[in-house]
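Colleague: Following this message is one structure expressed as structure tokens.
The values are calculated or read from the model by the stated rules, or taken from the named source; none is laboratory data. Source: prediction; values computed, not measured. In this analysis, Cβ positions are derived from the backbone assuming ideal geometry, glycine residues included, and neighbour counts consider all displayed protein chains.
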Ligand code: IPM
Ligand code: MG
């Protein structure tokens with residue numbers, strides 16, 4: 001039997017640094033758990049633009065379509081700010097999402113006990129927090145037509161279109177309900193049905209899918225602005241939140257920061273099953289390319305390492321091994337190891353990116 005294939009797109013900024021640590025973890029699973037992957041690497045984002053004049057070549061796109069899973073670091077940087085919109089590093093990522101049809105973006109916001117004091121909220125409000133945001137990722141205002149900037153009379157007009165079809169809403173709603181059944185069995189759907197027709201349809205379709213297929217799951221609805229408010233007021237009321245592309249972008253950053261650990265949070269973007277039964281999938285940290293700290297050994301590799309844990313769980317059906325990796329991360333934090341982003345008032349000395357990676361691999365060893 002051939003090994004499952006992993007395409008690594010480390011990208012820009014701290015992407016390559018954190019990916020080096022993920023490689024240590026991947027190698028560990030090959031050596032110690034008989035779980036070897038066929039790993040290949042390619043370019044996305046600014047580095048792809050530098051090499052090929054485009055943030056994602058057709059060849060790389062084709063490789064991503066073939067891979068059993070794609071692992072992405074981060075894209076973007078100030079060097080690319082003035083590029084034409086169609087050539088910006090972010091377009092590479094958006095093309096991957098769209099062409100692989102990765103419609104369900106899973107963004108867990110989990111508060112690690114050792115870091116509860118790090119949140120801007122009180123520790124008792126965030127301690128033990130564990131919510132899952134399911135963000136629709138391939139439609140909505142990110143991709144709707146018409147779009148662009150054009151001239152009307154004497155002035156320019158910028159246009160984007162929020163558009164959702166029934167089937168687009170239904171499939172992401174199903175993803176959310178399925179996940180809820182494996183968690184606390186609650187879904188809260190967020191839109192702006194009070195001002196947007198797309199929100200009215202969103203609410204109708206989610207309600208219909210719920211009644212027909214998931215009546216056992218508890219469903220509630222909130223306007224997205226009220227949802228943002230409730231997320232900061234009492235985040236533990238939520239289990240799974242399902243929402244559209246733009247609201248999901250905003251709410252997932254908000255939820256991530258609640259945990260005090262933006263540098264710690266992974267994500268999975270999943271599409272329909274491939275011929276081998278695995279979903280089309282891309283895994284990436286929620287954080288960006290952090291150009292301000294690039295190349296200084298300051299980056300926190302945990303979000304990217306936990307993204308690989310999500311790959312073990314959702315692409316390779318190795319939930320036990322994913323848990324092993326998550327526990328290794330928790331154990332390292334409990335020991336007090338902190339990368340520079342996690343140093344608050346305490347005045348400890350930070351560990352470097354590679355020291356953090358090594359410590360996690362040592363905990364994996366200790367778990368055997
Ligand atoms: C995210 C990012 C992206 C988005 C950018 C980099 C295109 O903010 O993944 O949340 O807006 O979706
Ligand atoms: Mg975002």
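Colleague: Scan region 2-38 for residues that are over 14 Å from residue 73 (Cβ atoms) and either part of a loop (DSSP other than H, G, I, E, B) or free of Cβ contacts under 8 Å to residues at least 40 places away in the same chain (or both) and jot them down.
Modeller: 2, 3, 4, 27, 30, 31, 33, 34, 35, 36, 37, 38
Colleague: If you don't mind, there's one more thing I want to ask. Quick one: which of 218, 321 is surrounded by fewer than 22 Cβ atoms within 10 Å (Cβ to Cβ), assigned by TED's automatic domain parsing to the domain that holds residue 342, at pLDDT 95 or above and more than 30 Å from residue 349 (Cα to Cα)?
Modeller: From the options 218, 321, the qualifying one is 321.
Colleague: Next up: Go through region 97-133 and report how many residues are under 16 Å from residue 60 (Cβ atoms) and within 15 Å of ligand 2 (Cβ to nearest atom). It would help to see each step written out before you state the result.
Modeller: Keep residues of region 97-133 that are under 16 Å from residue 60 (Cβ atoms), which gives 97-100, 102.
Of the ones still in play, those that are also within 15 Å of ligand 2 (Cβ to nearest atom) are 97, 102.
Total satisfying the criteria: 2.
Colleague: Sticking with this structure for a sec: Based on what the data block shows, is residue 258 buried (at least 22 other Cβ atoms within 10 Å of the Cβ) and in contact with a strand residue (DSSP E or B) (Cβ under 8 Å, 6 or more places away or on another chain)?
Modeller: Working: buried (at least 22 other Cβ atoms within 10 Å of the Cβ): no; in contact with a strand residue (DSSP E or B) (Cβ under 8 Å, 6 or more places away or on another chain): yes.
No, not satisfied.
Colleague: What residue, of 212, 226, 272, is more than 16 Å from ligand 1 (Cβ to nearest atom), surrounded by fewer than 19 Cβ atoms within 10 Å (Cβ to Cβ) and in the same structural domain as residue 97 (by TED's automatic domain parsing)?
Modeller: Going through 212, 226, 272 in turn, just one is more than 16 Å from ligand 1 (Cβ to nearest atom), surrounded by fewer than 19 Cβ atoms within 10 Å (Cβ to Cβ) and in the same structural domain as residue 97 (by TED's automatic domain parsing): 272.
Colleague: Quick check, is residue 299 within 24 Å of residue 339 (Cβ to Cβ), away from ligand 2 (no atom under 16 Å from the Cβ) and crowded, with 17+ Cβ neighbours inside 10 Å?
Modeller: Numbers: within 24 Å of residue 339 (Cβ to Cβ): yes; away from ligand 2 (no atom under 16 Å from the Cβ): yes; crowded, with 17+ Cβ neighbours inside 10 Å: yes.
Yes.
Colleague: Identify, by number, the condition in (1) within 20 Å of the chain's Cα centre (by Cα); (2) within 16 Å of ligand 1 (Cβ to nearest atom); (3) farther than 30 Å from residue 302 by Cβ that residue 171 doesn't meet.
Modeller: (2)
Colleague: Further question: How many residues are within 10 Å of residue 134 (Cα to Cα) and away from ligand 1 (no atom under 15 Å from the Cβ) when one looks only at region 242-258?
Modeller: 1
Colleague: Do we have any residue at all in region 343-354 that's in a helix (DSSP H, G or I), farther than 14 Å from residue 297 by Cα and over 22 Å from the mean Cα position of the chain (by Cα)?
Modeller: Taking every residue of region 343-354 in turn, none turns out to be in a helix (DSSP H, G or I), farther than 14 Å from residue 297 by Cα and over 22 Å from the mean Cα position of the chain (by Cα).
Colleague: Now for a different question. Return the only residue of 284, 330, 326 being assigned by TED's automatic domain parsing to the domain that holds residue 70 and over 18 Å from the mean Cα position of the chain (by Cα).
Modeller: 330
Colleague: State all residues of region 65-83 that are within 16 Å of ligand 1 (Cβ to nearest atom) and surrounded by fewer than 23 Cβ atoms within 10 Å (Cβ to Cβ); if no residue qualifies, say none. Spell out the reasoning first.
Modeller: First, pick out the residues of region 65-83 that are within 16 Å of ligand 1 (Cβ to nearest atom): 70-81, 83.
Within region 65-83, 77, 78, 79, 80, 81, 83 meet the criteria.
Colleague: Right, here's the next one. For region 178-198, how many residues are surrounded by 23 or more Cβ atoms within 10 Å (Cβ to Cβ) and in contact (Cβ under 8 Å) with a residue 60 or more places away in the chain?
Modeller: Within region 178-198, residues that are surrounded by 23 or more Cβ atoms within 10 Å (Cβ to Cβ) and in contact (Cβ under 8 Å) with a residue 60 or more places away in the chain number 2.
Colleague: If we keep just the residues of region 84-105 that are at pLDDT 95 or above and assigned to a loop (DSSP other than H, G, I, E, B), which is farthest from residue 273 (Cα to Cα)?
Modeller: Among those residues, the one meeting the criterion is 88.
Colleague: Taking region 84-113 on its own, how many of its residues are in contact with a helix residue (DSSP H, G or I) (Cβ under 8 Å, 6 or more places away or on another chain), farther than 23 Å from residue 14 by Cα and surrounded by fewer than 20 Cβ atoms within 10 Å (Cβ to Cβ)?
Modeller: 2
Colleague: Looking at residue 91, is it closer than 29 Å to residue 341 by Cα and touching a strand residue (DSSP E or B) at 6+ places or on another chain (Cβ under 8 Å)?
Modeller: No: the conditions fail for residue 91.
Colleague: Can I ask one more? Could you check how many residues of region 174-212 are in a helix (DSSP H, G or I) and either under 19 Å from residue 255 (Cβ atoms) or more than 19 Å from the chain's Cα centre (by Cα) (or both)?
Modeller: 21
Colleague: State all residues of region 49-60 that are within 22 Å of residue 308 (Cβ to Cβ) and assigned to a helix (DSSP H, G or I); if no residue qualifies, say none.
Modeller: Within region 49-60, 60 is the sole residue that qualifies.
Colleague: Given 94, 115, 102, 121, which one is over 30 Å from residue 237 (Cβ atoms) and outside the structural domain of residue 206 (by TED's automatic domain parsing)?
Modeller: 94
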